[in-house]
Structure formats: C-alpha cells, structure tokens
Amino acid sequence: MYLSRFIVDPARRGARKLLASPQAMHAAIRGAFADPADYERADARTLWRLDTAAVGILHLYIVSPGQPDLTHMVAQAGRGTAEAWQTRAYGGLLASLQPGQQWAFRLTANPTHSGRKTADSKETQRFGHLRPEQQTQWLIDRSARCGFTVATQQNNEPNVGLHHRQTQTFRRGAGTVTLTTVTYDGLLDITDADAFRHTLSLGIGHGKAYGCGLLTIAPTR
C-alpha cells in the first residue's frame with residue numbers, strides 16, 4: 001500500500017476542471033495506474049480525498065495498492081516542481097496498529113440511509129443524511145465493524161467535528177450524480193487492529209470513487 005500527497009494548483013484551468021467534477025478527478029486518478037492490480041485488489045482499493053491546506057492550496061491524498069505515476073496530473077493541475085507530489089509506503093504504519101492506540105483522524109464520507117422512493121413503492125434508494133446529528137451517528141454506528149470507537153470528550157459527547165458539509169451534483173455519462181458529503185475530524189481508539197487495517201485499505205461508506213471513504217490518521221498532540 002502507498003500514501004501519496006499531490007499539490008493541486010487551483011489557479012490552473014485543468015485543476016478547476018477536475019475540482020468541479022468528482023467524476024473527472026476519479027478518471028484522472030485512475031489514469032495514474034497502468035496495472036489494474038495497482039489500482040484495486042480484493043484486499044485494497046484506491047481511495048482519495050481533497051483537503052484545503054491553506055488559502056489557495058489544496059492537497060489531494062491518495063491511498064492505493066500500487067505506486068501511482070501522477071506526471072499527467074502535474075501537467076494538468078499541479079505545480080511544476082520537484083515537490084509536486086510525494087509517495088510513501090503505507091505498510092509500516094498498517095503493521096504498527098494495535099488495539100488501545102488513540103489517533104487523530106480525518107474522513108470525508110457520504111453518510112446515507114436507505115428508503116423507499118415513494119410511500120407506496122417497493123423500490124429503495126440511498127438518501128444522504130443532512131442533519132449534523134444524523135451524520136455523526138452514521139459514523140458512530142459504523143465504527144465498531146470498522147475496528148474503532150470515536151473517543152468521547154469530558155462531557156461524554158463524541159470527540160468529532162464536522163465541516164465542509166455539502167451536496168454536490170455532477171455529470172456521469174448521460175446522467176447526473178448527487179452526493180452528500182461531510183468531513184469529520186476527531187479522535188478515535190482502535191478496538192480491532194485487523195478490522196481497522198481493512199478500513200484504512202478499503203474505505204468507509206459509499207461514493208469511494210468520488211472522493212469519499214478515505215480515513216487517514218495522525219498521532220495525537
């Protein structure tokens with residue numbers, strides 16, 4: 001597994017095209033892997049997330065089974081410098097995970113629930129959770145199977161904050177996709193190291209091709 005960080009230059013026309021459509025960004029990232037096994041395997045898949053690092057600076061994080069070649073993205077949307085992107089092996093971190101460890105985390109996800117299209121319909125579809133308390137509970141409900149618990153604060157409230165809550169609509173082929181997304185920042189405690197490694201390698205929730213599901217961790221301060 002590999003973790004890459006790519007610096008996006010939003011002043012470039014190509015970058016603005018990618019930023020306007022998760023489908024276009026997905027296609028560009030997919031183009032970084034000549035071997036399909038480097039993009040997706042049974043035990044790992046490519047996940048990505050956009051983070052705002054500072055005013056006018058965006059970081060694209062990619063976790064992937066194989067090492068990507070992002071040269072084409074530098075030409076289209078990056079900074080033409082030696083630091084345009086960095087890739088590091090991810091296996092050492094995955095191997096070091098143990099139950100009881102606490103980490104700071106960030107996750108952009110597509111929190112959804114299933115429901116009927118109409119009151120008398122037998123067909124169901126996914127709907128995005130829109131209220132903050134629903135979005136927080138969505139993550140808590142999935143944490144146990146993902147190998148962690150969300151830490152609690154002194155007031156027993158979940159130690160997690162929500163930001164960049166939005167609903168995006170973009171084209172995919174002849175149709176459109178509507179995606180409700182939210183970014184979570186907080187603290188977690190590992191309860192099952194194998195399940196947690198699985199989560200870091202395969203993501204959480206739906207919309208993974210469109211910048212959702214990538215959980216990253218960092219040491220607590």
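Each value in this text was obtained by applying a stated rule to the coordinates, not by laboratory testing. Model, not experiment: these values are computed from the prediction. Note that we place each Cβ from the backbone using ideal geometry, even for glycine, and neighbour counts take in every protein chain shown.
Of all residues in the stretch 29-67, exactly one satisfies the criterion of being of a type in the set (A, V, I, L, M), buried (at least 21 other Cβ atoms within 10 Å of the Cβ) and in a loop (DSSP other than H, G, I, E, B), namely A32.
If you check R145 against the conditions, is it among the basic types (K, R), within 30 Å of A42 (Cβ to Cβ), surrounded by fewer than 18 Cβ atoms within 10 Å (Cβ to Cβ) and without any contact (Cβ under 8 Å) to a residue 60 or more places away in the chain? First the steps, then the outcome.
Numbers: among the basic types (K, R): yes; within 30 Å of A42 (Cβ to Cβ): yes; surrounded by fewer than 18 Cβ atoms within 10 Å (Cβ to Cβ): yes; without any contact (Cβ under 8 Å) to a residue 60 or more places away in the chain: yes.
When the stated conditions are applied, R145 passes them.
Taken residue by residue, the stretch 5-12 has at least one member that is of a type outside the set (D, E) and under 15 Å from L214 (Cβ atoms).
Suppose we filter L60, L50 for residues that are within 23 Å of H198 (Cα to Cα) and touching a His at 6+ places or on another chain (Cβ under 9 Å); which single one remains? Working first, answer last.
On the way: L60 fails: touching a His at 6+ places or on another chain (Cβ under 9 Å).
Testing whether each residue is within 23 Å of H198 (Cα to Cα) and touching a His at 6+ places or on another chain (Cβ under 9 Å) leaves just L50.
Evaluation of T152 against the conditions (1) within 21 Å of Y90 (Cβ to Cβ); (2) of a type outside the set (A, V, I, L, M); (3) surrounded by fewer than 16 Cβ atoms within 10 Å (Cβ to Cβ); (4) in contact with a Pro (Cβ under 7 Å, 6 or more places away or on another chain) shows that the sole unmet condition is (1).
Sub-7 Å Cβ pairs linking a first residue in the stretch 174-203 that is within 16 Å of S96 (Cβ to Cβ) to a second residue that is part of a helix (DSSP H, G or I) and of a type outside the set (D, E, K, R), at least 6 apart or interchain, are I190/F196; R197/L94; L200/L94, ordered by first then second residue.
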